[in-house]
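Here's the structure we're looking at; comments come further down.
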Amino acid sequence: MATYGILKAINDIINAIKGIINAINGIMNAIEGIINAINGISNAIKGRINAINGIFNAPNGIFNAPNGIVNAIHGIFKATNDINNAIYRIVKATNDINNSIYRIVKATNDINNAIYRIVKAKNDINNSIYRIVKATNDIKNSIYRIVKATNDIYSLNSSINGIVNVICGLNIFSKNM
């Protein structure tokens, strides 16, 4: 049972490491999203600059000026929308990073729990070995006591035989008298 626990704990560690790798990939993807969002902000700022330039260039043509102003205002709104979208992507990427960090912390906890189970299983094995050694010593002590008791019985038997021989000898001696 302890061996199964160790194997399961090792499997948990492998899965946790896979989770950490996936979380790191998530962080990389989130960083890429932030870079793309920053590029989007940069492009939006360029769009605003171009729109403002359009406003200044609009008065050059009296007939074209109203269209230029409308296009410039449209460009400003579009650039503002692009900035908002880029900010949204940065916030989302930040959330992805936070989620990845959470998964790394969770995977680390899973590894710690698996290591704890391995140590516990090892202690269970050591305790079992200790109990086997103790039981073996108890059996040896019991065998020693049985052998000693058997020797005591042989000694007692010899003593009884000696007493019987003495009594028989006295009996023969008294008959001869």
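Tabulated data
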item: Normalised per residue, the volume of the convex hull around the Cα set of the stretch 89-138 (Å³); result: 25 Å³
item: Between 0 and 90°, nearest 10: helix 65-176 axis offset from the chain longest Cα axis; result: 0 degrees
item: Gain on full stretching of the segment that runs from Ala149 to Ile87 - 0.36 nm per residue minus C-alpha separation; result: 13.1 nm
item: Local net charge near Ser42, Cβ-Cβ under 12 Å (Lys/Arg +1, Asp/Glu -1); result: +1
item: Degrees separating the helix 2-57 axis from the principal Cα axis of the chain, which is the longest one; result: 10 degrees
item: In nm, spacing of pseudo-spin labels at Asn112 and Asn11 (7 Å Cα→C-beta vector); result: 2.4 nm
item: Euclidean distance of C-alpha centroids, the stretch 109-129 and the stretch 8-29, integer Å; result: 21 Å
item: Estimated inter-spin distance, Cys168 and Asn127, nm [label 7 Å along Cα→Cβ]; result: 6.2 nm
item: Value of D in µm² per second that Stokes-Einstein yields for the stretch 2-125, Kirkwood Rh from Cα pairs, at 10 °C (1.306 mPa s); result: 87 µm²/s
item: GNM result for the chain, Cα springs below 10 Å: residue of Ala114, Ala93, Ala79 fluctuating most strongly; result: Ala79
item: Estimated 222 nm signal from helices in the chain, with DSSP H stretches of n ≥ 4 weighted -39500 (n - 2.57), rounded to 500; result: -36500 deg cm²/dmol
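All of the numbers you see were taken from the coordinates with simple rules; none came from a lab. Computed from a prediction, not measured in an experiment: that's the story for all the values here. Ideal geometry is used to build each Cβ from the backbone, glycine not excepted, and the neighbour counts take in all protein chains shown.
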